[in-house]
Each structure stands twice: as C-alpha cells, then as structure tokens.
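The block underneath contains the structure these notes are about, expressed in structure tokens.
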Amino acid sequence: MNADTTAGASGQASRRTPAAPAAQAAPATRAHVVVVGGGIAGLAAAHRLTSAGVRVTLLEGGDRLGGKLLAGEIAGAPVDLGAESLLARRPEAVALAGAVGLGDRLQAPATTTASVWSRGTLIPMPKGHVMGVPADGEALVGLLSEQGVRRVGQDRELPPTDIGDDIAIGAYVAERMGHEVVDRLVEPLLGGVYAGDAYRISLRAAVPKLFDAARVHRTLTAAVRAVQQAGAATPADAAGAATGLGGPAFMGIEGGIGTLPGAVADAIRTAGGEILNHAPVIALRRVVATHGPGAAAAPGTRWQVVTPGRTLLADGVVVAAPAWSAAELLADEVPAASAELGAVEYASMALVTLAFRRSDLHGLPGSGFLVPPVDGHTIKASTFSSQKWRWVTDAAPDLFVLRTSVGRYGEEEQVHRDDADLVEVSLKDLGAATGLTVRPVATTVTRWIDGLPQYPVGHLARVSRIRAAVAAVPGLRLAGAVYDGVGIPACIASATRAADEIAREIAG
C-alpha cells in the first residue's frame, strides 16, 4: 500500500511505467466497463454494474481483494486484521452483505459498553453527545475536570460563531466549549475514525448534520440538541455509537468483516464479471474506437486501460484507487483532478492483535476503550474482540482476543516501529489501563500505510472540484474513501454513485 510500490490491495498504480503492450480489441456485444482497484469500493462498483447487465473487468494490482477489509487468524481463532465493523445506521453495507448471501451472518455486538482511558482511569463513555460534542456539560462529569464542565456551559453565554463554509471541528468546539472537551472526548473519537487531528478535521465533512445545525442555531449546545432531536446524528463515515445516541450502530459479520470482499467477488464472477489480480493499471488513455463497440462512452471514443501484461478497451472506467494512484492515472486526461487528488494527505496506522488464554484474564471491561492523545500514551484505542463479537468467542472459547491501534496523522514513526516494539508498547499501555500483566500466547501486527485519507477544512470543496473535472470527461468516474467518507457504507455509496452514472452514460 506504499505509494512507491506497484498496485496493492486498492489497485494503485505503479511508479514505474513499462512500455504498453498492443491493445487487445475483443469483440463486444454489450458495454464494457473496467474497474480499477479491488478494495470494497471497487468491488461494490463492479457488483452494481454486473447486476445491471454491464460487462465488467476488475483489475487489482495486488494478490488479494478487499483493501482494508482483511480476514485472518491468530492462534487458530478467526479475526479481522483490518476494519472490524460496519455502520448499520446507513443501509449500504448491510444491503450489500445481504445481496451477496451474508445477511444471515450479520451480527450485532455482544456489548457496546466502551470506556475512555483518561488521566490514568477507565471512565465509562459518556452519553448525550454528538461525536464527543455534548448537549450539557454535566454529562461529562467524571471525564472532565470541574473547570472543564463549567467551560462547556459557557457556550450558552457566548455570541454566535460564524462558521462560514467550513471549520475545523476541534477549533470550533474549543472556542465554544473549551479545549478540554476536545482533548478528552472529541479527539479520541475522531482519531478512531480518521486517525486524524481534531483541530484539522472538517466539521462539514466529519459531522455534516452538526455543521448544518450549527449554521442556524445561536449556540453549539442548541445545535447538538437539534441533531439529537432529529435522530440523524451519525456522521457519514463514523461509528454511530460515538454519537452517544441509542439504537444499533454497528454490525459485524460472523467470521469477520474481512469475509465480505470474497463474497462480493464471488457474486461478480457468478454474474459474468472478470476479476484479475496482479494487474496494476499503469495508464489510462482515451482513444478513437477502430472497432464498433456495443456501446460507447461517447461517439467514437473509448478507454484504453494499460497493465504490464495486457491492454483492455472499455466504454467506461471507474477508478476506485487511493488518491495518489488516481492522481497518476488521471494526469494526462484530467490534469485538474489529478492535481487536486495529489494534494490529499493520508494517515498510517498499525493494528496489534493479541491472543491470551482466557483463564489468565479477569475483569476487562466492556468492548474496549479509547485513549486521548493528550495523555501521551502510544496506543489510541483497544478493542476486546472476544467480548465485542460472539463469533470470536464461539470459534475460540479458550482464548481471549483483543487488539490495539497505533498511529495518527503526523505519527508515522510509531507505525514503523518493529513488530516486537509495537507488541511491547501495547502490553505496557494495556497494563497501565487495565492491570493486565500476563503475556499473550500469540501476536500479529498489521500495518496500513497511508490507509486513511484526511478530511481537513475544505475537503468537500476539493471533492466537488475533482468530481466536476472528471464529469466533463466521458465514461470516467471515481469511487473510494477519498470522496464521501472513510467508512464502509460511505465507500459503497460512492461506488454505487459512480457505477450508476457510468451505466447511464454508456446506455445513452
């Protein structure tokens, strides 16, 4: 997944560009769309297109599909080594799982009781907030100091804040309610979603309902209450439980979220789609069609999709690759979009998965805990998988599996520590937080280098410019975590949008 390697799990382009082989012009009786990238967005786009009767070829540069959805095992127990839940308050991921035969394996968490490890103590996650922004400071008693609680209440006394077209959520909340609520609750919640910095992350992109409410209400407290009363507080790409509202927020899949890509790929193949691994795309070119296509993106125009071993002709292309890869591929045909994509920043993170003998552990609380970076610890969160997901316990009743996450925006040095160091620092922080003293029976470290695009102030305006530039080019669309949110449902939504727009173009 490094920018200087050939295409990985998300289908990114190689930095080296060998000479293009001659195009292979196969006869076509129906429209042909190439999807670049085999992450969940690319798979969802291909699934949507094959379901509509479009002939599809999906090209993935690496040896596996799924991007940051990765099923694995530790000490014989099945685990997720990437994303481990999907937001159930949005319909897209649940619907896709059902469509590919996994509906009966969807599973709600056994517990959603989480904590915040703040000032050396595990404190139950407060309720009554929207992504850490409270409607009442009293809800944060115990997590904030007395002064911090009083500062939250001062929001009602302050004059309105002009937030303009966008504002950093951390800066805005700190101005209205003080830095302590940002540092102790907003920051760790946002860090769990974006691996980012709350003082940089766009309020409009991260919590759009709160942004809209804040533009019309005099105080931030009133805006939070309006969002809660509307019952629509979940951000497009974040964990719904982070809002503190009731109702099921997450779903998992028995066997792991990482089983979803394989099921989607099977459905694509069953519908006649072609999936090629080890096929990094090194160039995209618009060409004049010399053979009559079944349907063309524009009269006489098709796309030439170049890989090291094969060149395909297509009526349309969906690029579902990371921003840096998409920037390379679009440099010649859509330079304005390429420049914007090249400016998107990413954060890296590592997941440290640990398996213990269940008999050695006692008293770990709930589903896990978040860690405010202001306290200076290395891990940013821990999930107690064996308590959160019944399928983990059912598969390995004698083991207790948990995982920690390390790495935020600007902390690359943490992610690149060797595996043994990451395990030891995780055990040190777990011991300080929970009293854990025993050694694991197995460990595994999974790194996601440049895994999460950052959503700073102005990100949505950048996305609008990218989409406008691409929309002016016939037969081309984009999908993935860069555009509408980093969560699984948001990625699927971007893929559905891209697939539907391409299908309409080539049909017309």
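Listing for the model above:
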| item | result |
| --- | --- |
| Condition check for R467: in contact with a strand residue (DSSP E or B) (Cβ under 9 Å, 6 or more places away or on another chain), touching a residue at least 12 places away in the same chain (Cβ under 8 Å) and outside any helix (DSSP H, G or I) | no |
| Members of the range 371-395 found to be out of contact with any Asp or Glu (no Cβ under 9 Å at 6 or more places or on another chain), open to solvent by 20 Å² or more (accessible area, probe 1.4 Å) and outside any helix (DSSP H, G or I), listed by number | G376 |
| Checklist (1) surrounded by fewer than 15 Cβ atoms within 10 Å (Cβ to Cβ); (2) over 22 Å from T446 (Cβ atoms); (3) in contact (Cβ under 8 Å) with a residue 24 or more places away in the chain applied to G103, failing item | (3) |
| For P188: the one exception among (1) in a loop (DSSP other than H, G, I, E, B); (2) in contact (Cβ under 8 Å) with a residue 40 or more places away in the chain | (1) |
| Failed criterion for V193 (all others in (1) open to solvent by 10 Å² or more (accessible area, probe 1.4 Å); (2) among the β-branched types (V, I, T); (3) farther than 11 Å from L220 by Cα; (4) modelled with pLDDT of 95 or more hold) | (4) |
| The range 403-430, subset open to solvent by less than 10 Å² (accessible area, probe 1.4 Å) and not in a helix (DSSP H, G or I), residue farthest from T444 (Cα to Cα) | G407 |
| Selected residue [of a type in the set (S, T, N, Q) and buried (at least 21 other Cβ atoms within 10 Å of the Cβ)] from S118, S51 | S118 |
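The values are calculated or read from the model by the stated rules, or taken from the named source; none is laboratory data. It should be emphasised that the depicted structure is a prediction, and the values quoted were computed from it without experimental measurement. Using ideal geometry, Cβ is built from the backbone for each residue, glycine included, and neighbour counts are taken over all protein chains shown. Side chains included, ligands, DNA and RNA excluded: accessible areas come from the protein's heavy atoms. Shrake-Rupley method; radii C 1.70, N 1.55, O 1.52, S 1.80 Å.
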